[in-house]
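The structure under discussion appears below in the form of structure tokens.
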Amino acid sequence: MSKLQYKYKDSADDWKILWRNVLRAAQYTTNFTRDFSPIYDQKQDLYYSAEHIDIQPVDFGGIEGIQYLDQGQLWELDGFGTLIKELQKNSYQAGVNLFGFPYDFRLAGAQQVLTNGMFDKLKQLIEQASKTNKQG
């Protein structure tokens, strides 16, 4: 899983973390569903976000988008935090030899990955990591 952030297109507000707003769903189920449910286009076999909202992963290539999904006041959702801590104890460093690939899991169907640039971004990240850590 990945940490996602969202922003309403008609708002000047900053990006907000999606997971913290799961509590909002209990109060405003209709709006939450409208805002965050993916829209499926059967003809193209693709998913989209609602037109009035931008949703994107946090910290592409870094670890912030996968380490903890939420470190809120009520709970902590551990994405890969425990694994990352162990890797860091063994000399792995974020951005040097430890990379994360957060993605919008709502829009990750097979066709989607090929058309939305996600596959190309992952390929570039792997090539960059390989070049940076080339053993000679």
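The values are calculated or read from the model by the stated rules, or taken from the named source; none is laboratory data. Bear in mind the structure is a predicted one, so any value in this text is a computation, not a measurement. For neighbour counting, all protein chains shown are included, and Cβ atoms are generated from backbone atoms with ideal geometry for every residue, glycine included.
At a glance:
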| read-out | value |
| --- | --- |
| Within the range 50-87, tally of residues that are at pLDDT 85 or above, surrounded by fewer than 15 Cβ atoms within 10 Å (Cβ to Cβ), among the acidic types (Asp, Glu) and not in a helix (DSSP H, G or I) | 2 |
| Residue match in the range 30-39 (condition: assigned to a helix (DSSP H, G or I), acidic (Asp, Glu), within 28 Å of residue 12 (Cβ to Cβ) and modelled with pLDDT under 90) | yes |
| Search result, residues across the range 88-119 that are assigned to a helix (DSSP H, G or I) and either modelled with pLDDT under 85 or surrounded by fewer than 16 Cβ atoms within 10 Å (Cβ to Cβ) (or both) | 88, 89, 105, 106, 107, 110, 111, 112, 113, 114, 115, 119 |
